[in-house]
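J.: One structure is given below, represented as structure tokens, and several questions about it will come after.
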Amino acid sequence: MSEGRVALVTGASRGIGRATALRLSRDGFTVVINYNGSEEAALKVKEEIENNCGKALCIKCDVSDPVSCEAMFKELSEGIGAPDVLVNNAGITKDGLLVSMSEEDFSRVVDINLKGAFHCMKLAAKYMMKKRYGRIINISSVSGILGNAGQANYSASKAGIIGLTKSAARELAGRGITVNAVAPGFVTSDMTDALSEKVKEAVTQQIPKKRFGEPSEIAHAVSFLAEEESGYITGQVLCVDGGMAM
Ligand code: NAP
């Protein structure tokens, strides 16, 4: 069903993005693996996809930089084709309490997590509108829904993703383009490996499923929203969080 279609996953060198790239390749997409710093890891994802008879391409791009994003989309549109599916997954944390959070740490998180998605959506939508087809999936977080102490910058960026998703969904619905968000709970990755064992235990107690999620479980939700048959679902936030935000 997805043969010949292109899916761009931002931040696909590691964690949830990597799992999503592998899953979308299994679904038949040609996958564009965007990375910023981890070239070696991105090349490994490409190799894994090719070893399973899939097609993939790696592109370095800092999604917080609009010029870098423009260059990425230009390279794609002149090469394998502009993406039919865009997964805005690239994200970082720079945790700290509100009263001691620097303006720089607030801005960097918003620039990558929220503005990065904006830059890529804007560029992707232009091509998708011409094709009258597209699937945009933005990775939010339960922190954007519930808030989280120590994550004012991150929660604001992830709540912003939800507003961005819903507004774009309304603008693009008539053009065959759906825009949805997936809001993971706590998922095993480099991002959560940085948490202390004490914090991990305390968080686990707040999860009805009593465990962290796996990147493949987030990828599964993305895969569902990326399907052609999901065309009547738009402007939604799908929580994949073991019941945390119900
Ligand atoms: P991760 O393992 O730390 O991976 C982050 C990815 O983002 C990497 O591939 C990294 O690429 C990329 N990235 C960072 N800055 C970038 C930039 N400026 N331009 C392009 N790519 C950039 O994180 P993860 O846990 O998989 O998280 C993925 C997404 O899920 C994020 O948006 C995160 O906020 C969200 N999320 C995660 C959790 C969780 O518990 N893990 C929960 C809710 C939501 P390079 O290394 O190549 O720079």
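The values are calculated or read from the model by the stated rules, or taken from the named source; none is laboratory data. Here the structure is a predicted model, which means the values were calculated and not measured. Don't worry about glycine lacking a Cβ; one is built from the backbone with ideal geometry, like all the others, and counts go over all protein chains shown. Remember, those area values only see protein heavy atoms, side chains included, never the ligands or the DNA or RNA. Shrake-Rupley method; radii C 1.70, N 1.55, O 1.52, S 1.80 Å.
J.: What residues qualify as long-range amide H neighbours of residue 239, i.e. H under 5 Å apart, gap of 5 or more or another chain, H built at 1.01 Å from N?
T.: 183
J.: Now for a different question. Give the carbon-plus-sulfur fraction of the accessible surface of segment 108-174 in %, rounded to a whole number; probe 1.4 Å, heavy atoms of protein chains only.
T.: 56 percent
J.: Using 0.36 nm per residue of separation minus the Cα-Cα distance, give me the extension gain between residue 203 and residue 44 in nm, one decimal. Write down the numbers at each step before the final one.
T.: Working: separation 159, 0.36 × 159 = 57.24 nm, distance 3.14 nm.
Stretched fully, the residue 203-residue 44 segment lengthens by 54.1 nm.
J.: Using DSSP to define loop residues, name the GluC sites (Glu not before Pro) in segment 12-70 whose beta-carbon has at most 12 other beta-carbon atoms within 10 Å.
T.: Answer by residue number: there is no such site.
J.: Using a Gaussian network model of the chain whose springs link C-alpha atoms within less than 10 Å, name the residue from 53, 120, 61 with the highest mean-square fluctuation.
T.: Highest fluctuation of the listed residues: 53.
J.: If you average the alpha carbon positions of segment 169-225 and of segment 6-23, how far apart do those two centres end up, in angstrom?
T.: Spelled out, the Cα-based centre of one part sits 14 Å from the other.
J.: In a Gaussian network model over the chain where Cα atoms closer than 10 Å are linked, find which of 138, 148, 51 has the largest mean-square fluctuation.
T.: For the chain, modelled as a Gaussian network with Cα springs under 10 Å, the answer is 51.
J.: Along the positive direction of the dipole of the chain (beta-carbon charges: Lys, Arg +1; Asp, Glu -1; about the Cα centre), which of 145, 86, 233 reaches farthest?
T.: Selected residue: 233.
J.: Once the other residues with Cβ under 11 Å from the Cβ of residue 15 are scored (Lys, Arg +1; Asp, Glu -1), what is the net sum?
T.: -1
J.: Based on Cα positions only, what radius of gyration and what Dmax would you give for segment 1-126, in angstroms?
T.: Cα-based Rg and Dmax for segment 1-126 come out at 15.0, 51 Å.
J.: Would you mind calculating the relative contact order of the chain from Cα pairs under 8 angstrom and at least 6 residues apart, reporting the percent as a whole number?
T.: Computed over the chain, the figure is 20 percent.
J.: Please give the charge dipole size of the chain, origin at the Cα centre, charges +1 on K and R Cβ atoms and -1 on D and E Cβ atoms. Round to the nearest 20 debye. The partial results should precede the final answer.
T.: On the way: 28 positive and 29 negative charges, 134 e Å.
The dipole magnitude comes to about 640 debye.
J.: Which value, in Å², gives the accessible area per residue of the chain when a 1.4 Å probe is used on the protein heavy atoms? Walk me through the numbers on the way to the answer.
T.: Working: 11880 Å² over 246 residues.
Per-residue value: 48 Å².
J.: Could I ask something else about it? How large is the charge dipole for segment 194-246, taken about the Cα centre, if only the Cβ atoms of Lys, Arg (+1) and Asp, Glu (-1) carry charge, to the nearest 20 debye? Don't skip to the end; give the middle numbers.
T.: Working: 5 positive and 8 negative charges, 85 e Å.
Computed charge dipole of segment 194-246: roughly 400 debye.
J.: How large is the charge dipole for segment 57-124, taken about the Cα centre, if only the Cβ atoms of Lys, Arg (+1) and Asp, Glu (-1) carry charge, to the nearest 20 debye?
T.: Numbers: 6 positive and 11 negative charges, 23 e Å.
My answer is approximately 120 debye.
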